[in-house]
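S.K.: The structure that follows is given in the form of structure tokens.
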Amino acid sequence: MTRTTRWARVVSVLGIAALVSALPIVNLGPAAGETAPQRGGTLTLSIKYSPTSIDPQKNKTITDEQVGALMAEPLVDWVNGSFVGVLAKSWDVSADGKTYTFSLRPGVKFQDGAPLTAAAVKASFERMTDPAAPMPRGGNLANVASVTAVDELTVRVSLKTPDPDFLGKLLQIDVLDPASWKGLTPDKAPSGTGPFQLVSYVPDQRVEFKKFPGYWGGEPYLDQIVIQVVPDPATQEIELESGKIDFMDYVPAKDVSRLQHEGLQKMSFGRVNWGRLVFNLKTVTDLQVRQAVCYAFDRNAVLQDAMYGLGTPQLTLAVPGTWAYSSKITPYRYDPARAEQILDQAGWTAPRPGAMRQKDGKPLVLNLPTSSNGDWEIITQMIQQMLRNVGIDSRITTMEPNTFYDAVRTGKYDIAWFETNASPVPPIAAQNLDTHQYWDVMQQDLPQVDALVEQASATVDQHARAELYLQVQTIHHDQALECTGAWMEQVFAVSSKVHGMVLDPLGVTIFSARWWKSQ
Amino acid sequence: MRRYLARRLLVSFGVVLGVVTLVFVALRSVPGDPVDMLIPADASGSAGIALAQQLRAKYGFDRPLYVQYGLYLSRLARFDLGSSIRSERSVAEDLLERYPATLELAVGSLFVAVALGVPAGILAALRPNSVFNNASMTLALLGLSLPTFWTGLSFMLLFSLILGWLPASGLGGPVWSWDGLSHLLMPAVTLGIEPAGVLARLTRSAMAEVLRENYIRTARAKGLAARTITIRHALRNALLPVVTVLGLQFGGLLSGAIVVETVFAWPGIGRYLVFGITGKDFPVVQGGVLVIACAFVLINLLVDVLYVVLDPRIAYT
């Protein structure tokens, strides 16, 4: 006991020394000279939106996933650009890309003591796709034809069509003990294999967890995790600065550098969240108008002035540096003179200098709705000004978020700033081009694009796949289906006392067994 | 009086029914689909469309409006407020959980408003043209004009960040414990400042008017003590308009204080309702508005009854 206490004290002194030397810590991961992790303590996380459900399989939002990731785990996760096994020790994909065989990690226990088995994985998948109780993420498994428990620790998943990105769809599918979800009340969670166990859940207020000592990855360092729901970012910042909380989600872009300056760690994620200008192809039928809009759109100004530099300009659909990227696409870059030239050639002219353009007496005016969600409104106002600069008139209508989403989805708009989250695979923002999906905002069937996207998503050979995505990108560019905007960076702020926190690409904090707090 | 009460209750029932009907229709006539929030943005291909159909069928949104309304009323008659679309939790249970927090904040801020506003108004009326009168009325005007999010955040900066005396957010333990009280203090004062300003100005003008009345002069001529005149003769008569406004203010406070609840992360009904509105969570909005409408109607009834106690000349038949 004495030895432990003394050791703990040495560790804490070293920890503080490491901390002071590393201030301000910008990146996560072990700081220079950092000592062994310390055990114990409570980590307090502050989140803006209450989890909508405490059942990890019922996740609808990133916050839900964040909370769920403490209690339950998927078969695989995506870290630093590749898939790593979580509950699956290894996996094997058949040559035709239709059969995935997972070898489960042996010796894993659910929090209720039951062992992780292939049967539990099968039952968990089936619960996600039960048509009688639809789950928001059930669609991730829509392509699954059958799940077979080959033996105690081997699961075989057969797909209807080949899917090289199937592992990406499993990131949000947690495995739970089937015995634990029967007769569950909404304030209780079914049993997962995660490092923390639910103690209490009060919606809109707080969620409390204690460590699960039997966690397969080793006993978690932290004793407890408390999540507080604080909707106002200003309040979150005050609590973070006064040391009452250790973590806040979604820091407003304008406050990021100030918090960093005060020694708080910045945790960023992006590249799966992209913002773009979408068109209603039914109303904005003139290709030259769409092209002119893309040339008139200054994505760098949006990033610098509205997002305070948080993000990367997105020039093409594919993520640069990945197999899907091609240098054969010449992106639309900000060029207002070119935009004006295109409009002039298309017959959209201004009756007098400075006036808005018209053609055959018909004014060029676009309906530009936006969501009352802070950043979107500002970005939309900037876009309005950019369009005005080349003689395109637009009308902004600010709506509450749900009304806005519905307006865009059902085609009550001409042009809009729209942000989307997606799986990290494939590394191309092409999923939204499928015109048969719920969130199709283009309002027009594009059979050729649909066929290409469908074919590309079911092609296993990466080279052939890249060729197909190049064709998609070519049509996307030539037809100016959208104006690409930016890969948006989202920021969380973490106290400098917290170590070992990792984000997955969607912004979910993962591997909480390895988080620790210097006292 | 009994017949009056019975009649009022009947009218109140009509009012509440009108409100729920209005909300039912309004929610459905505003563009936006409650199902939108449940379909992930990256739901692949037909999976999202299938999920939307399943959900619409589950919640009955695919049925004609009058059928939906009939079902809603029949469930309401059985005191069934339905479950939230987002969280699947029972709306009645959610409201029962949040209403005590709203009530605590409403009573706390009403206490602040009355404790600050009424004495300030009386003293200002008793000493017109004094420094106290000018200072208190300026403060009252300030209280009326300052936006609550600004006052709230300023309090928070001072008492939580700089002095470290009070917790910045959340609901504490029971209100009689220090934990509960310390959590309530800042939100209650922030929320109470505005009604305190209203009450101070109202009490002052009502008192000033009453103090000019003949019966006050008579009382003074009789040689009654100043305190007796102020409290028993003047204040009681000056309180009538104050009580009316107080009732309305309290009704407003009971409908939740969206800004204060958001700034101080107070888990009350205001935030619940806003969350319901932004998510188009029909059962949540309908349930929340129903409770607020009932609270308003009841408070108004109470105020009318209180008139009789305050002014014996008023009698309801």
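S.K.: Measure off, as a whole percent, the carbon and sulfur share of the 1.4 Å-probe accessible area of segment A:212-325, all protein chains present.
M.R.: Using a 1.4 Å probe with all protein chains present, segment A:212-325 comes out at 48 percent carbon and sulfur.
S.K.: Kindly give Rg over Rh for segment A:167-220, based on alpha-carbon atoms, with the Kirkwood expression for the hydrodynamic radius.
M.R.: On the Cα set of segment A:167-220, Rg over Rh gives 1.00.
S.K.: Hey, another quick one. If you roll a 1.4 Å probe over segment B:98-310 with all protein chains in place, what percent of the accessible area is carbon or sulfur?
M.R.: Result for segment B:98-310: 72 percent of the exposed heavy-atom area is carbon or sulfur.
S.K.: Summing -39500 (n - 2.57) over the DSSP H runs of n ≥ 4 in chain B and dividing by its residue number, what mean residue ellipticity at 222 nm do you reach, to the nearest 500 deg cm²/dmol?
M.R.: Estimated from H runs of four or more residues: -24000 deg cm²/dmol.
S.K.: Taking A:LYS359 as the anchor, which lysines have their alpha carbon closer than 19 Å to its alpha carbon, excluding any fewer than eight residues away along the same chain?
M.R.: Of all the lysines, those that pass the test against A:LYS359 - Cα under 19 Å, at least 8 places apart if same chain - are A:LYS282.
S.K.: What does the net charge come to around B:LEU161 if you take all other residues with beta carbon closer than 12 Å to its beta carbon, with K and R at +1 and D and E at -1?
M.R.: Net local charge, B:LEU161 excluded: -3.
S.K.: How long, wide and thick is segment B:2-77, going by the Cα atoms along their three principal axes, in whole angstroms, largest first?
M.R.: Taking the Cα atoms of segment B:2-77, the three principal extents are 64, 19, 16 Å.
S.K.: Another one. List, by residue number, every residue in segment B:149-188 with a reduction of 50 Å² or greater in accessible area between the chain on its own and the complete protein assembly, 1.4 Å probe.
M.R.: Output list: B:LEU161.
S.K.: Just the number please: accessible area per residue for chain A, 1.4 Å probe, all protein chains included, in Å².
M.R.: With all protein chains present, chain A gives 39 Å² per residue.
S.K.: How many percent of DSSP beta bridges within the protein assembly as shown run antiparallel, rounded to 5?
M.R.: 80 percent
S.K.: What accessible area per residue comes out for segment B:2-77, rounded to a whole number of Å², with a 1.4 Å probe?
M.R.: The answer is 56 Å² per residue.
S.K.: How large is the helix-only mean residue ellipticity at 222 nm for chain A, computed as the sum of -39500 (n - 2.57) over DSSP H runs with n ≥ 4, divided by its residue count, in deg cm²/dmol to the nearest 500?
M.R.: -8000 deg cm²/dmol
S.K.: Still on this structure, I have one more. Looking only at trypsin sites (Lys or Arg not before Pro) in DSSP loops with at most 13 other Cβ atoms within 10 Å, what is the longest site-free stretch of chain B?
M.R.: That gives B:79-211 as the longest site-free run.
S.K.: Around B:VAL260, under 13 Å between beta carbons, what's the net of Lys plus Arg minus Asp minus Glu among the other residues?
M.R.: -3
S.K.: Take the residue pairs A:LYS210/A:LYS266; A:LYS182/A:LYS412; A:LYS244/B:LYS58 and return only those whose Cα atoms are more than 32 Å apart.
M.R.: A:LYS182/A:LYS412; A:LYS244/B:LYS58
S.K.: If you don't mind, there's one more thing I want to ask. Could you please tell me the mean projected area of the C-alpha convex hull for segment A:124-220, averaged over all directions and given in square nanometres to one decimal?
M.R.: 8.1 nm²
S.K.: Further question on the same structure: Using θ = phi - 60° and the Karplus relation 6.51 cos²θ - 1.76 cosθ + 1.60, list the HN-Hα couplings for segment A:469-482 in order, rounded to whole Hz, with x at every Gly or Pro.
M.R.: After applying 6.51 cos²θ - 1.76 cosθ + 1.60, I find 5, 5, 5, 4, 5, 5, 5, 4, 6, 5, 8, 6, 5, 8 Hz.
S.K.: Just the number, please: buried accessible area between B and A, total of both chains, 1.4 angstrom probe, nearest 100 square angstrom.
M.R.: Answer for the B-A pair: about 4000 Å² buried.
S.K.: Oh, and also: Over segment B:98-310, what relative contact order in percent results from Cα pairs under 8 Å that are six or more residues apart?
M.R.: 28 percent
S.K.: A follow-up question, please. Going through segment A:244-304, which trypsin sites (Lys or Arg not before Pro) have at most 16 other Cβ atoms within 10 Å and a DSSP loop state?
M.R.: Answer by residue number: A:LYS282.
S.K.: Can you give me the P(r) profile for the protein assembly as shown? Cα pairs, bins 20 angstrom wide beginning at 0, each as a whole percent.
M.R.: It works out to 13, 40, 33, 12, 2, 0, in whole percents.
S.K.: Search the structure for amide H atoms under 5 Å from the amide H of A:SER371, placed 1.01 Å from N in the peptide plane, and list their residues when 5 or more places away or on another chain.
M.R.: Residues meeting the criterion, in which the H sits 1.01 Å from N, are A:MET399.
S.K.: Quick one: pull the percent of accessible area on segment B:2-77 belonging to carbon and sulfur, 1.4 Å probe, ligands and nucleic acids left out.
M.R.: In segment B:2-77, the share of accessible area belonging to carbon and sulfur is 68 percent.
S.K.: Related question: Find the centroid of the Cα atoms in segment B:159-173 and in segment A:162-236, then give the distance between the two in whole Å.
M.R.: Answer, in whole Å: 28.
S.K.: On to the next question. Return a whole-number percent for the relative contact order of segment B:73-204, with Cα pairs under 8 Å and 6 or more residues apart as the contact set.
M.R.: 36 percent
S.K.: Could you state the principal axis extents of the C-alpha atoms in segment A:214-348, from the largest down, to the nearest angstrom?
M.R.: 68, 36, 30
S.K.: Give me the percent relative contact order of chain A, please, defined on Cα pairs under 8 angstrom at least 6 residues apart.
M.R.: RCO, chain A: 21 percent.
S.K.: Within a Cβ distance under 13 Å of A:ASN373, other residues only, what is the Lys/Arg minus Asp/Glu net charge?
M.R.: -3
S.K.: For B:SER154 and B:ILE314, what does the FRET efficiency come to when R0 = 60 Å and r is the distance between their Cβ atoms, rounded to the nearest 0.05?
M.R.: Efficiency, from the Cβ-Cβ distance: 0.90.
S.K.: If I histogram all Cα-Cα distances within chain B using bins 10 Å wide from 0, what percent of pairs lands in each bin?
M.R.: Per 10 Å bin, starting at zero, the Cα-Cα P(r) for chain B comes out as 5, 20, 25, 23, 16, 7, 3, 1, 0 percent.
The values are calculated or read from the model by the stated rules, or taken from the named source; none is laboratory data. This one's a predicted model, so the numbers in the text were calculated from it and none came from an experiment. Positions of Cβ are backbone-derived with ideal geometry, glycine not excepted, and every protein chain shown enters the neighbour counts. Quick note on the areas: whole protein, heavy atoms, side chains included, nothing else; ligands and nucleic acids left out. Shrake-Rupley method; radii C 1.70, N 1.55, O 1.52, S 1.80 Å.
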